[in-house]
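Each remark here refers to the structure printed beneath this line.
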Amino acid sequence: MTKGKLFGIGVGPGDPELITLKAVKAIEKADIIFTAASSKNPYSLAVEIASPYISENTAIRRLGFRMTKHSEQVEAAWLANTQEIAAVLKEGKTAAFLTLGDPTTYSTFGYILKKMKIVMPDADIETIPGITSFHAAAARLNRVFVEGDESLLITSGAYGGQQIRKFEGIENVAIVKAYKHIKDLNQALKDSGLYENGVAVSKCGRKHEAIIDDLGHLEDRAPDYWTLILASK
Ligand SMILES: C[S@@+](CC[C@H](N)C(=O)[O-])C[C@H]1O[C@@H](n2cnc3c(N)ncnc32)[C@H](O)[C@@H]1O
């Protein structure tokens, strides 16, 4: 039997119109849809965005993972999840793993790609890019993301401002996971001369979207997980 194919699909940042035609075509032909879901909450926004294109007969499987710092547990969970996908491919079926934004950017699909190299090295895999949250936010603000010969740092803010401090002289920064250690993030932006033009966008293109022009306000009320910061010199 011919082996199946795995599509890793970015469905965009949340606005249902920001999904690519290529993603839609792949979703329509999938036999099985996979998505990551935390063990605490099975809801998947990625599936909701794709739902107009998922046929009634297509199975949807949520692959559980836990938000934990124990990397061994995380690795084991993703190995098991990848084995589940590989079993489907071995049946000759087409699987689509859906992920928000772009699948190569801070995405759970990264685990699948790495583990597939171990579990099924000859798997037929196609990654379909998606519009990232930070590009969507820049567009939402009619703001230039980066231009000319400028530099750009795309980083996680999950541990505060340490990443920003590493890159002296950086001219533009996009910070995802900007929901913790906000004071430290803001201080690092100030020290790097990036604070004044900074803006945060929460739930861009989604219900309850918020644009926070003054980053100081993020310190008054803990931001939502779905928050990013764009800042520049
Ligand atoms: C695990 S990363 C996923 C990034 C995604 N793969 C992408 O390409 O944008 C999650 C972080 O992305 C950012 N994010 C994703 N969607 C967003 C949205 N609609 N509005 C604002 N930030 C968003 C938030 O900073 C969130 O903490």
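The values are calculated or read from the model by the stated rules, or taken from the named source; none is laboratory data. In this text the structure is predicted, and so the values were computed from the model without any measurement. With ideal geometry, Cβ positions are generated from the backbone for all residues, glycine too; neighbour counts draw on all protein chains shown. Side chains included, ligands, DNA and RNA excluded: accessible areas come from the protein's heavy atoms. Shrake-Rupley method; radii C 1.70, N 1.55, O 1.52, S 1.80 Å.
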Across the range 34-47, the tally of residues that are modelled with pLDDT of 95 or more, more than 18 Å from His135 (Cα to Cα) and out of contact with any Phe, Trp or Tyr (no Cβ under 8 Å at 6 or more places or on another chain) stands at 1
With criteria (1) of a type in the set (A, V, I, L, M, F, W, C); (2) modelled with pLDDT of 95 or more; (3) over 19 Å from Leu6 (Cβ atoms), Ala76 comes up short on (2)
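Sort out which residues of the range 104-145 are at positive phi and within 13 Å of the ligand (Cβ to nearest atom), and write them in order of number.
Tyr106
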Of the candidates Ala23, Ala36, the one satisfying the condition of being open to solvent by less than 60 Å² (accessible area, probe 1.4 Å), touching a Ser or Thr at 6+ places or on another chain (Cβ under 6 Å) and either without any contact (Cβ under 8 Å) to a residue 40 or more places away in the chain or of a type in the set (A, V, I, L, M) (or both) is Ala36
| message | On the basis of being open to solvent by less than 60 Å² (accessible area, probe 1.4 Å), within 16 Å of the ligand (Cβ to nearest atom) and farther than 15 Å from Ala46 by Cβ, does Gly101 make the cut? | response | no
Scanning the range 161-189 residue by residue, the ones that are within 14 Å of the ligand (Cβ to nearest atom) and farther than 16 Å from Tyr106 by Cα total 4
Checking His217, His208 in turn, the sole residue that is more than 10 Å from the ligand (Cβ to nearest atom), open to solvent by 10 Å² or more (accessible area, probe 1.4 Å) and within 21 Å of the chain's Cα centre (by Cα) turns out to be His208
